[in-house]
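Chemist: Got a structure for you, questions after.
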Amino acid sequence: MSRMNIYLLAFGGFVVGTAELVVAGILQLIADDLQISIGLAGQLVTAYSLSFALGTPIFVAFTLRMGRRTLLVLSLIIFIIGSLVSFFSPNYAILMFSRVLLGLSAGVYTVSALGSAVKLVPADKMGSAIGIIALGFGSAIALGVPIGIAIAQWWSWQVIFAVLAVVSGLITLGLIRLLPQVEGDTPVPFTQQFKVLGNPVILTGLVVSLLMYTSNSVMLTYLSPYLESILHMDQSRIGIMIFVLGVVGAFGSHLGGIGSDKWGSARTITIAIAVSAGTLALLPVFTSLLALGLAFITLWFFSFFLSNPALQTYFIQQAPQSSNLVLGLNLSIVHLGLATGAGAGGAFVNSASTVLYNPWVASFTAALALVAAIVSFTLSKKRKRSSSSKGTIPFGSF
């Protein structure tokens with residue numbers, strides 16, 4: 001039954017992930033319909049990510065003691081409201097407001113789902129459980145975004161959010177019926193919170209998250225325009241390509257969870273970031289060769305999703321007694337990175353009048369993330385050795 005509940009939580013991740021990612025796939029349609037620029041349409045991603053980043057830690061802090069099932073249901077109810085506001089939005093301002101609601105609710109849902117998953121499985125299956133949750137978000141790329149693109153072409157982009165509202169309602173009923181009431185956390189005193197956040201391993205790990213997701217957002221937000229204007233793919237082929245990328249991403253998420261359990265989270269993260277930086281650096285050089293360009297994009301996408309469960313596992317290993325606090329903070333940092341990448345990418349596109357060089361910006365940022373990761377892993381090793389020499393239980397594991 002616990003595995004069934006993990007998949008139910010992952011399905012919720014699929015829905016909130018679709019709401020977040022589908023905008024990148026229909027960016028041109030929204031821009032044309034609302035008569036705004038691509039760069040301005042891209043700020044819908046920024047609004048979602050900022051509300052996720054800034055609102056999640058506040059709501060998580062105030063709901064630590066609340067049962068996870070109750071919190072999951074409440075977050076999905078707000079998500080349904082946000083989806084309906086998106087569906088009925090008559091202009092850019094109202095649509096932007098709906099993105100704020102969706103970002104807030106998705107943030108609370110994601111933290112609660114991850115926290116619940118960790119408590120529903122044995123410790124040695126933690127990485128795999130997180131990988132399944134991440135698989136839900138990978139499936140949003142594989143299925144949610146292509147389906148959203150098809151719905152937008154058949155009817156309108158607004159209908160996507162009506163469908164999301166209905167599916168969210170069904171998931172809410174499933175959670176009420178099937179998910180046991182997972183206890184919340186004991187409130188963490190502010191002194192303890194600052195102690196956790198003062199841990200240099202955690203701080204440098206958060207820098208890794210910020211840089212990784214800034215890098216990914218610079219590319220991901222404008223992926224559809226890149227495929228269309230640089231690699232000269234039409235909309236139907238772009239939909240197929242995004243489906244393929246989603247399948248690859250889902251496989252990467254699953255392998256990232258397994259890899260964290262078998263090979264260690266640090267090693268998995270290092271490989272993922274190195275592959276990401278390398279493929280993005282090479283991509284603009286080979287735009288004249290469609291097959292090679294698509295191969296580089298596919299490899300980048302795989303590495304992007306490979307790193308996610310590994311990084312989540314790494315944080316839980318470093319702060320097992322404050323996992324919800326650290327996961328909530330990390331998800332805020334992740335979406336701050338997504339907002340930064342979307343904003344910076346939009347500004348770069350507007351100034352250069354092309355998306356051709358976005359991969360180089362993303363590659364440089366990924367290289368910085370790799371440096372930060374090496375620093376974090378080195379500090380973690382030193383902390384583990386220090387704890388062992390003092391005869392104490394290590395704060396985390398490498």
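Just so you know, all these numbers are worked out from the coordinates, no wet-lab data involved. These numbers come from a predicted model, not from an experiment. Note: ideal-geometry Cβ built from the backbone for every residue, glycine included; neighbour counts use all protein chains shown.
Chemist: What are the radius of gyration and Dmax of the stretch 263-358, computed over its Cα atoms and given in Å?
Modeler: In Å, with Rg to one decimal and Dmax whole: 16.2, 51.
Chemist: Right, something else. Given a cut-off of under 8 Å on Cα pairs at least six residues apart, what relative contact order in percent is computed for the chain? Write out the running numbers ahead of the final one.
Modeler: Values: 689 pairs, mean separation 102.6, N = 398.
Computed value for the chain: 26 percent relative contact order.
Chemist: Can you tell which of Met233, Gly67, Val22 lies farthest toward the positive end of the dipole of the chain, using +1 and -1 charges on the Cβ of basic and acidic side chains (Lys, Arg; Asp, Glu)?
Modeler: Gly67
Chemist: Sticking with this one: Using the basic label-point model (7 angstrom from Cα toward the beta carbon), what is the Val371 to Leu170 distance in nanometres?
Modeler: Using points 7 Å along Cα→Cβ, the separation is 4.9 nm.
Chemist: What ranking of Ser86, Ser105 emerges when the number of other C-beta atoms within 10 Å of each C-beta is taken as an exposure proxy, fewest first? Intermediate results must be reported in sequence, preceding the final value.
Modeler: Details: Ser86 25, Ser105 28.
Exposure proxy ranking, most exposed first: Ser86, Ser105.
Chemist: Further, regarding this structure: Highest mean first, how do 236-245, 74-83, 305-314 rank when packing is the count of other Cβ atoms within 10 Å averaged over residues? List each step's numbers first, then the result.
Modeler: Details: 236-245: 18.5, 74-83: 22.2, 305-314: 30.0.
Going from most to least packed, we get 305-314, 74-83, 236-245.
Chemist: What is the packing order of peptides 275-288, 333-346, taking the mean over residues of other C-beta atoms within 10 Å and listing the highest first? Can you show the working numbers first?
Modeler: Numbers: 275-288: 19.2, 333-346: 24.7.
Peptide ranking by packing, descending: 333-346, 275-288.
Chemist: Would you look at the GNM of the chain, springs on alpha carbons closer than 10 Å, and say which of Phe11, Phe377, Phe88 moves the most?
Modeler: Phe88
Chemist: Which of the helices in the chain meet the span-like rule: DSSP H, Cα axial reach of 15 Å or more, Kyte-Doolittle mean at least 0.5?
Modeler: On the way: long enough: 2-25 (34 Å, 1.24); 38-62 (37 Å, 1.50); 68-88 (30 Å, 1.97); 92-120 (41 Å, 1.38); 126-139 (20 Å, 1.60); 157-178 (32 Å, 2.02); 200-220 (29 Å, 1.60); 235-263 (40 Å, 0.79); 265-282 (26 Å, 1.43); 290-318 (42 Å, 1.13); 323-352 (42 Å, 1.08); 358-389 (47 Å, 0.35).
Once both thresholds are applied, what remains is 2-25, 38-62, 68-88, 92-120, 126-139, 157-178, 200-220, 235-263, 265-282, 290-318, 323-352.
Chemist: Further question on the same structure: Between Thr354 and Arg65, what length comes free when the chain is fully extended (0.36 nm per residue of separation minus the Cα-Cα distance, one decimal in nm)?
Modeler: Details: separation 289, 0.36 × 289 = 104.04 nm, distance 4.86 nm.
Length difference between fully extended and current span is 99.2 nm.
Chemist: So if R0 is 25 Å, what FRET efficiency would Trp154 and Leu290 give, r being the distance between their Cβ atoms, rounded to the nearest 0.05?
Modeler: 0.40
Chemist: Between Arg267 and Leu40, how many nm apart are label points set 7 Å from Cα along the C-beta direction?
Modeler: 5.1
Chemist: Follow-up. What size of dipole, in debye to the nearest 20, comes out for the stretch 2-384 about its Cα centre when the only charges are +1 on Lys and Arg C-beta atoms and -1 on Asp and Glu C-beta atoms? Display every interim value, and only then the final one.
Modeler: Details: 16 positive and 9 negative charges, 247 e Å.
Charge dipole of the stretch 2-384: 1180 debye, to the nearest 20.
Chemist: By counting other Cβ atoms within 10 Å of each Cβ, how are Trp154, Trp360 ranked from fewest to most? Don't skip to the answer; put the middle values down first.
Modeler: Working: Trp154 8, Trp360 17.
Ordered by Cβ neighbours within 10 Å, fewest first: Trp154, Trp360.
Chemist: Quick one: length gained pulling Thr378 to Phe251 fully straight, 0.36 nm per residue minus the C-alpha distance? Let's see the in-between values first.
Modeler: Values: separation 127, 0.36 × 127 = 45.72 nm, distance 2.88 nm.
In short, 42.8 nm is gained.
Chemist: What is the pair-distance distribution P(r) of the stretch 2-384, computed from all Cα-Cα distances in 10 Å bins starting at 0, with each bin given as a whole percent?
Modeler: Computed distribution, short to long bins: 5, 26, 36, 24, 8, 1.
Chemist: Considering only Ala266, Gln35, Leu289, whose Cα is most displaced toward the positive end of the charge dipole of the chain, charges sitting on Cβ of Lys, Arg (+1) and Asp, Glu (-1)?
Modeler: Towards the positive end, the residue furthest out is Ala266.
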